[in-house]
Ligand code: SF4
Ligand code: SF4
């Protein structure tokens, strides 16, 4: 899949979570709350954390889509050979710099914006940001109006057109609702890392994706951001994404 480059350099910034929601319900009887590394419940998500990703396009190969494969398997979504309307939580995008001819390949998913327009436009509150910066859709409150899809400049959200089979218990989906990357929130709440990040290292052997707490100066991601030149896609929009890129 090809796309056009449209990004501006970002300023290094430690982000602070500002969402009002702490524990949220994404399915009947299922409430997302923070847990410790061993999975023990420690309390609701708080603004103490700001979860994010750093993606090094220098390590990402155009021929590799292990992150996409892993996300599909993990979250139970797939296409129906209808690219215009198929779900797309994460996609590979190939960029070409028209001035230098340099090419880049990178995964693009929900950027988990600090100031998410998808949340601003949602008339029901289904589109929400947790206190730790993770942006989610509550499928039980979503009415499928798709305002959020129009508001998202990253085309990160999908509408579920088809009947759903093979749902995962931990990630319920719903026909007629909108969905997008959750940062594998259920994994994070158990002290784990997103499936795409895991696959990039373990399946692809590339280690192009780093996950961690942007608020913790001792985290690998914060240290890398402090010493490397990085970019956020369309930083000029002021949405302050939690996803950062290197090598663009
Ligand atoms: Fe919302 Fe799109 Fe930003 Fe994700 S990338 S938080 S869907 S505006
Ligand atoms: Fe998919 Fe999880 Fe990666 Fe988001 S963080 S793109 S939901 S695998």
Item to check | Single condition residue 198 does not satisfy, out of (1) touching a helix residue (DSSP H, G or I) at 6+ places or on another chain (Cβ under 9 Å); (2) part of a loop (DSSP other than H, G, I, E, B); (3) under 28 Å from residue 104 (Cα atoms) | outcome: (2)
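Let's see how each residue does on (1) surrounded by 16 or more Cβ atoms within 10 Å (Cβ to Cβ); (2) in contact with a helix residue (DSSP H, G or I) (Cβ under 8 Å, 6 or more places away or on another chain); (3) modelled with pLDDT under 95:
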residue	(1), (2), (3)
167	no, no, yes
176	no, no, no
179	yes, no, no
193	yes, yes, no
218	no, no, no
223	no, no, no
228	no, no, no
231	yes, no, no
234	yes, no, no
Checklist outcome for this item: residue 92 meets each of (1) within 12 Å of ligand 1 (Cβ to nearest atom); (2) under 22 Å from residue 187 (Cβ atoms) with one exception, condition (1)
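Wholly within the stretch 61-162, which strands (runs of 3 or more DSSP E) include no fewer than the required count, namely at least 2 residues that are within 16 Å of ligand 2 (Cβ to nearest atom), more than 15 Å from the chain's Cα centre (by Cα) and at pLDDT 95 or above?
none
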Item to check | Residues within the stretch 150-165 that are more than 7 Å from ligand 1 (Cβ to nearest atom) and either closer than 13 Å to residue 181 by Cα or touching a helix residue (DSSP H, G or I) at 6+ places or on another chain (Cβ under 8 Å) (or both), tallied | outcome: 4
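The values are calculated or read from the model by the stated rules, or taken from the named source; none is laboratory data. Quantities reported herein were computed from a predicted structural model and do not represent experimental measurements. With ideal geometry, Cβ positions are generated from the backbone for all residues, glycine too; neighbour counts draw on all protein chains shown.
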